[in-house]
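Shown next, in structure tokens, is the structure this report addresses.
The values are calculated or read from the model by the stated rules, or taken from the named source; none is laboratory data. Nothing here was measured: the structure is a model prediction, and the numbers come from that model. When we count neighbours, we look across all protein chains shown, and the Cβ atoms used for this are built from the backbone with ideal geometry, even at glycine. The area values use the complete protein model at the heavy-atom level, side chains included, leaving out ligands, DNA and RNA. Shrake-Rupley method; radii C 1.70, N 1.55, O 1.52, S 1.80 Å.
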Amino acid sequence: MTPLPGAGSAATDRRQFLRIAIGTGAAVLLSAAPGAVWAVAPTAATAEAVPGSRTRVYVLVVDGCRPDEITTHLTPRLHELRTGGTNFPAARSLPIMETIPNHVMMMTGVRPDRSGVSANAVYDRAEGVVRDLDRPTDLRFPTLLERLRETGRTTGSVLSKAYLFGIFGERATYRWEPSPLVPITDHAPDQFTMDALIAMVDSADPDLVFTNLGDVDRVGHSDVTGTTLRAARTAALASADHQVGRFVDHLVATDRWSSSVLIVLADHSMDWSIPTNVISVDQILSGQPELRDNIVIGQNGGADLLYWVGAAETRTAALASVRDLVLAHPGVLSIADPSELRLGVEAGDLVVYCRAGWRFSDPTVVANPIPGNHGHPATEPIPFFITGGSDRVGPRRVLSDPARTVDVAPTIGALFALPPPEGGYDGVSRSGAFTLVG
């Protein structure tokens, strides 16, 4: 890799930039916090004094991956990593089973009622619009990315989706803004994401790097039962597996594998529906204009967040009527108060889940044409395993512990002997997968 001239204006932006040429002739642009050090090539002077004394942690999120898709034939490198470490086959995503809230849970260790991030899309009452929770200010709880920085360690974020880069902002010491973005999906393909991860490891060598690989999820949304698009899903899984293998091979080649811990998981899995299995809450309420005109819907694929915007004195009775009408639909699984799911006020007044094989589409039945969706309980099961070459990684085993996305932060905290945040974690450290030292 060859460092090229940096970018950015000190007068308007105190971040540091490094542009790194990669083998394809393209370049990766990384940014860093003021005062961060770039170490483009490891040297004897920067090597650890005691071999193996340092721990490097890499969180690799294969977005939207189902646990049954990790197999010896389809994803051999992921399968090898899973069988060589500690596997949690009972692992689950948490409500709402969407990308943004579960990535936030991974890095904070707390549930949405404490972080402020309950779903991908919410109704912002202050602004009067339905929008993605993709602003740094939407996340109101400290993450590992900045908490580890406060101890003198360095962190990195390599996130393939524009809204993930948005919400985590400049919390990490080193960042990559996803590029190039695929139109409509607003994500960078896994090839470019892995180029950026490898460039960051080589140029900055952070203690913790948080990475999202988005292809499996994005292809999964367009996937249906037809042969052609199933082939696309299969190709995306094989490609993600190749990229993970490429990263492992690079860690081995650069003598980092023996100090590396990998936490590999998904943020949610995926469920598919057929065109006739569509639920429109707006259409269900069409015969009751006094309800329909006062409900705003935050659509999250397999979950709808309903917000009452009518008169406060009619709220209780109106929501009871909405609940009865919506529950009568054959595709609706359940309705809950957001507090029951620990979602906080941002999630509105009611959370509606669809059954497996169904999806929400509002305001019309053609508004959401995507057959692959998540957010509902059918998409809770996720792969979750801890592996790596570090001697801190315990022997291979399968544990029945109900690991959750919210467990990632306390697990990493235990590895680095980082005290819990104020108020403690909501997740549980899965430190049984490690040999904890110093």
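Details
- Residues that are in contact (Cβ under 8 Å) with a residue 12 or more places away in the chain, more than 26 Å from the chain's Cα centre (by Cα) and not assigned by the TED database to the domain that holds Thr137 are absent from region 340-350.
- Residues (under 20 Å from the mean Cα position of the chain (by Cα) and open to solvent by 40 Å² or more (accessible area, probe 1.4 Å)) located in region 68-81: Asp68
- You will find that of Glu340, Glu346, Glu380, the residue that is of a type in the set (D, E, K, R) and buried (at least 19 other Cβ atoms within 10 Å of the Cβ) is Glu346 and no other.
- Evaluation of Ala91 against (1) at negative phi; (2) open to solvent by 40 Å² or more (accessible area, probe 1.4 Å) (one fails), failing number: (2)
- Qualifying residue in region 330-343 (condition: touching a Phe, Trp or Tyr at 6+ places or on another chain (Cβ under 7 Å) and either of a type in the set (S, T, N, Q) or in a helix (DSSP H, G or I) (or both)): yes
- Single residue of Val326, Val351, Val408 found to be in contact with a strand residue (DSSP E or B) (Cβ under 7 Å, 6 or more places away or on another chain), under 30 Å from Asp304 (Cα atoms), open to solvent by less than 10 Å² (accessible area, probe 1.4 Å) and part of a strand (DSSP E or B): Val351
- Within region 133-159, the set of residues being of a type outside the set (A, V, I, L, M, F, W, C), under 17 Å from the mean Cα position of the chain (by Cα) and surrounded by 14 or more Cβ atoms within 10 Å (Cβ to Cβ) comprises Asp134, Asp138, Pro142, Thr143, Thr155, Gly156, Ser157.
- Within region 258-317, being among the hydroxyl-bearing types (Ser, Thr, Tyr), open to solvent by 40 Å² or more (accessible area, probe 1.4 Å) and either within 30 Å of Ile412 (Cβ to Cβ) or touching a residue at least 40 places away in the same chain (Cβ under 8 Å) (or both) holds for one residue alone: Ser258.
- On the stretch given as region 99-127, residues that are of a type outside the set (A, V, I, L, M), open to solvent by 10 Å² or more (accessible area, probe 1.4 Å) and either farther than 17 Å from Ser429 by Cβ or free of Cβ contacts under 8 Å to residues at least 12 places away in the same chain (or both) total 7.
- So Ile263, is it among the hydrophobic types (A, V, I, L, M, F, W, C), modelled with pLDDT of 95 or more and closer than 30 Å to Val352 by Cβ: no
- The single condition among (1) in contact with a Phe, Trp or Tyr (Cβ under 7 Å, 6 or more places away or on another chain); (2) not in a helix (DSSP H, G or I) that Ile184 does not meet is (1).
- Wholly within region 57-162, helices (runs of 4 or more DSSP H) carrying at least 1 residues that are within 23 Å of Ala32 (Cβ to Cβ): 99-108, 144-147
- The single condition from (1) of a type in the set (Val, Ile, Thr); (2) closer than 30 Å to Ser334 by Cα; (3) crowded, with 19+ Cβ neighbours inside 10 Å that Val130 fails is (3).
- Any chance Val365 is farther than 18 Å from Val59 by Cα, touching a Pro at 6+ places or on another chain (Cβ under 6 Å) and either open to solvent by less than 10 Å² (accessible area, probe 1.4 Å) or assigned to a loop (DSSP other than H, G, I, E, B) (or both): no
- Pairing each residue of region 362-378 that is assigned by the TED database to the domain that holds Ala90 with any residue that is assigned to a loop (DSSP other than H, G, I, E, B) and at pLDDT below 90, provided the two are 6+ apart or on different chains, yields no C-beta distance under 6 Å.
- Residue list for region 152-204, restricted to those being β-branched (Val, Ile, Thr) and at pLDDT below 95: Val182, Ile184, Thr185
- Of all the criteria given as (1) more than 18 Å from Val158 (Cα to Cα); (2) surrounded by fewer than 20 Cβ atoms within 10 Å (Cβ to Cβ); (3) out of contact with any Ser or Thr (no Cβ under 8 Å at 6 or more places or on another chain), the one not satisfied by His250 is (1).
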